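Asker: Let me begin by handing over the structure; questions about it come next.
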Amino acid sequence: MSAEIIDGKEISAYIKQQAADRAKACAAAGRAPCLAVILVGDDPASQVYVRNKHRACEACGVTSLQYALPADTTQEALLALIGKLNADDAVDGILCQLPLPEHLDETAVTDAVAPEKDVDGFHPVNVGKMLSGKDCFLPCTPAGVIEMLKYKKIPIAGKHAVVIGRSNIVGKPAAALLLRENATVTVCHSRTANLPEIVKTADIVVAAVGRPGFVTADMLKPGCAVIDVGINRLPDGSLAGDVDFAAAKEIAGFITPVPGGVGPMTIAMLMMNTVKSAEKRSGKGDF
Ligand code: NAD
């Protein structure tokens, strides 16, 4: 039997509608939520991401401030802009699009964003709070993964979740959030010795490797849920995930497609984080 498709477009539309409703309430109470996005340089992929974020803001009633800085922007100038936005009471969220040009220090830039405006959830204060189970901004892509599982009512507690990949922006936080949901979590990475045997025992597989076709159907336990975070550009220009989708969907119980799976969730969660920040900063609401 073919797996049920987890439709990221449908679920992200649902989240964005909720964000839009809450943004409208913020606006009615005084001020719409506001997201400041900084783009340094002219990387085409980053330009697309920033444009998509701007469009999502427009659709959700979130004010979007855009700062396009030249590729030769100095670290001091970038930190000064972040400092200005940190101090601006009308700004609820600050996001600096990564990757940055090589001469800039990404860690210093991420750390410079005030934790209470860190809607990407990358600041060490928010990472620490996430790990200790406190209220905080959750990183958008892994938070989107959890939303997808919950929306489809896929049980997490007590299940074995295997995360493939241990990056700071996807793999590690995805593992932390699955643990928060009471899954038994295994993290596989490039040095894992017996990856196929481990994946075979997973009720939930989260693939965040960045290699097309890495997860094959024979690695999967029949009926498992497969969340494919990978976005890989194939030589013919098309997009593919990390999972061999056509074969895996014949074994899995649930599966996300690429495109149209996890991808749209990231921006939806960013909108939600920005709205939550506005609510929290105006003294209403919690995370
Ligand atoms: P990364 O390169 O930082 O990390 C890749 C991880 O894969 C590493 O932790 C590494 O240990 C692991 N890995 C590499 N080779 C492996 C192997 N042979 N066996 C097991 N593990 C291996 O990448 P990332 O930033 O975590 O992104 C992963 C993928 O997710 C990419 O395709 C990226 O484009 C995509 N992505 C999607 C979204 C989204 O949907 N919005 C957001 C971020 C990243």
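The values are calculated or read from the model by the stated rules, or taken from the named source; none is laboratory data. From a predicted model like this one, the values you see are computed outputs, not experimental measurements. Note: ideal-geometry Cβ built from the backbone for every residue, glycine included; neighbour counts use all protein chains shown.
Asker: Is one or more of the residues making up segment 234-243 touching a residue at least 60 places away in the same chain (Cβ under 8 Å) and either more than 30 Å from ALA45 (Cα to Cα) or assigned by TED's automatic domain parsing to the domain that holds LEU98 (or both)?
Answerer: No, because not a single residue in segment 234-243 is touching a residue at least 60 places away in the same chain (Cβ under 8 Å) and either more than 30 Å from ALA45 (Cα to Cα) or assigned by TED's automatic domain parsing to the domain that holds LEU98 (or both).
Asker: Does segment 236-251 contain at least one residue that is in contact with a Cys (Cβ under 9 Å, 6 or more places away or on another chain) and more than 10 Å from the ligand (Cβ to nearest atom)?
Answerer: yes
Asker: Can you tell me which residue among ALA268, ALA225, ALA278 is in contact with a Phe, Trp or Tyr (Cβ under 7 Å, 6 or more places away or on another chain), buried (at least 24 other Cβ atoms within 10 Å of the Cβ) and not assigned by TED's automatic domain parsing to the domain that holds LEU35?
Answerer: Just a single option satisfies the conditions, and that option is ALA225.
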